[in-house]
Amino acid sequence: MTFRPSVAVFDYGIGNLRSAQKALEFAGAEAFLTDDKSILEEADGVVLPGVGAFGRCAEALVESDLFVLAASMAEKAASGGKPFLGICVGMQLLYKGSDESVGVNGLGILNSQVKAIEGDVKIPQMQWNELKCDFTHPMLKGIEKNPWVYFVHGYSAPKTKESIAFCDYGTEVNAAVAVNNLWATQFHPEKSGETGIAILRNFLSLLESDRS
Amino acid sequence: MRVIRIIPCLDVDKGRVVKGVNFVDLRDAGDPVELASVYNQQGADEIVFLDITASSDSRETLYEVVRRTAEEIFIPFTVGGGIRSVEDARQILRLGADKVSLNTAAVLRPDLISDVANEFGNQCVVVAIDARRSDTTSCGFEVFTHGGREGTGLSLLEWAQKAVEKGAGEILLTSMDRDGTKDGFDIEMLKTVSQVTSVPLIASGGAGGAKDMADGALLGGADALLAASIFHFGEMTVPEVRKELLKAGLTVRGA
């Protein structure tokens, strides 16, 4: 029997998380939405999705009493612990804060501030865009031929040494970061067709190699 | 980089895809999930489902369509028709849709837009506007509701601006005069909105061929191009539209 890694998706009362769960299942995981801390801790990997405003997502994490757990799991992943994938606002939450919701704390794993997209472009970026990246990174392996993914965001994290993928929108926008087993994408892999599924499969491979 | 989206639209009536002309004379065009899957394989950038009956007894059928689609298709999809409350929106999103489209209920109660946007984010809220040419409003276009059956006296320009102020993440603008006619998008109508609003504009109503689609973006300023009948009845495929957009100098996914 093939190994189906278990992936727990943080269910903290925001937006539509079902699509992330469905895509993870399609990619080969046993995926579930949960706000149960023990289930999150026991899964082979976790996913922190996020849609809408930064402040609302951060507050919802606090209200569902998952903020501290998310921070500690992300921090551990960054030093090689259980794999953690942040998606969209779930990526932005890894930072200290965002200009979208001044005064609201992010998880603070990455030491920068999320800022509004600049340039003469429509906000939000709501479209497919092409990734420019290092295709040898484990997150992006095998997607060389069609690196188009779907974005919906008005804010983005600055480019730092953790950035592994970019897209061109007004300026060069930070599209993905990775620190050890802490991965995050500004785009929505669960909505990016086959390319997105390939990225989710890469995340599941990380879970497998992490386990063995 | 502005990348133009190609969006097949499926008008759903009692669980089947239908298509009419000028909002009447409906013809059966197939199973919504099967069609969505075909468009997904062709490389459609998004899918829109509009439940055109939106009566209470058809809700369960629509939910089933949304649920089945979410299992099979991993590109963004929007669902509209009969969404009157935050709870209606939640139900649709919980089943796996990515965005909800609001129309009549938003005209009747504009705060519905902000309510849904505050709950799920602006990116989740598409405000669909059905409009036709009219001398009664200052911009020359009047907004209609109830599937195009009722005039509101509202000016398209004012309503579009108000919808964006209230938190619409996108405007889906349908020309009732052009709907199903294949005479091309109403470019003037598109410009009326694209020149003043900051959010993405989806052109709808009248695309008869790939060139019409390109014109919607080039001349009308639309960010996304929606069509129904020409896709359903096999007159045009998504790759053909993509090729035409590229030829016109526009950027599309995968090229």
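The values are calculated or read from the model by the stated rules, or taken from the named source; none is laboratory data. Treat the numbers as computed from the prediction; the structure is a model and nothing was measured. Note that each Cβ is placed from the backbone with ideal geometry, even for glycine, and that neighbours are counted across all protein chains shown. Quick note on the areas: whole protein, heavy atoms, side chains included, nothing else; ligands and nucleic acids left out. Shrake-Rupley method; radii C 1.70, N 1.55, O 1.52, S 1.80 Å.
Would you work out the relative contact order for the range A:6-211, in percent, from Cα pairs under 8 angstrom that are 6 or more residues apart?
Normalised by residue count, the contact order of the range A:6-211 is 21 percent.
Write down the Kirkwood hydrodynamic radius of the range A:6-211, to one decimal in angstroms, obtained as one divided by the mean of 1/r over all alpha carbon pairs.
About 16.5 Å for the range A:6-211.
I want the local charge near residue A:57. Using Cβ-Cβ distances under 13 Å, sum +1 for each Lys or Arg and -1 for each Asp or Glu among the other residues.
-4
How large is the dipole of the range A:6-211 about the Cα centre if only Lys and Arg carry +1 and Asp and Glu carry -1, each at its Cβ, rounded to the nearest 20 debye?
Its charge dipole is roughly 320 debye.
Using only the Cα atoms, work out Rg/Rh for the range A:163-212, with Rh taken as the Kirkwood radius, to two decimals.
1.03
Using only alpha carbon positions, build the gyration tensor of the protein assembly as shown, then give the equivalent ellipsoid semi-axes as the square roots of 5 times its eigenvalues, largest first, whole angstrom.
Over the Cα atoms of the protein assembly as shown, the ellipsoid semi-axes are 36, 22, 22 Å.
List the residues of the range B:1-20 whose accessible area drops by at least 30 Å² when all protein chains are present, compared with their chain alone, using a 1.4 Å probe and counting only protein heavy atoms.
The answer is B:1, B:3, B:5.
Enumerate the whole-percent occupancy of each 10 Å bin, from 0 to the last occupied one, for all C-alpha pair distances of the range A:1-112.
Histogram of Cα-Cα distances, whole percents per bin: 15, 50, 29, 5, 1.
Taking only the C-alpha atoms, wrap a convex hull around the range B:1-129 and report its volume per residue in Å³ as a whole number.
119 Å³
Could you pull out every whole DSSP H run in chain A that spans at least 18 Å of Cα extent along its own axis and averages 0.0 or higher on the Kyte-Doolittle scale?
For chain A, where a helix must reach 18 Å along its axis and average at least 0.0, the hits are A:193-211.
If we restrict to alpha carbons, what Rg and Dmax does the range B:162-255 come to, in Å?
According to the Cα coordinates of the range B:162-255, Rg and Dmax are 12.9, 39 Å.
For chain A, the longest stretch holding no GluC sites (Glu not before Pro) located in a DSSP loop with at most 15 other Cβ atoms within 10 Å is which?
A:1-117
So what is the orientation-averaged projected area of chain B, using the convex hull of its C-alpha atoms, in nm²?
11.8 nm²
A plus B alone minus the pair: what accessible area, both sides summed, probe 1.4 Å, in Å² to 100?
2800 Å²
Only helical DSSP H runs with n ≥ 4 go in: add -39500 (n - 2.57) per run for chain B, normalise by residue count and round the 222 nm mean residue ellipticity to 500 deg cm²/dmol.
-10000 deg cm²/dmol
In angstroms, what radius of gyration and Dmax does the range B:157-201 have, counting Cα atoms only?
11.1, 33
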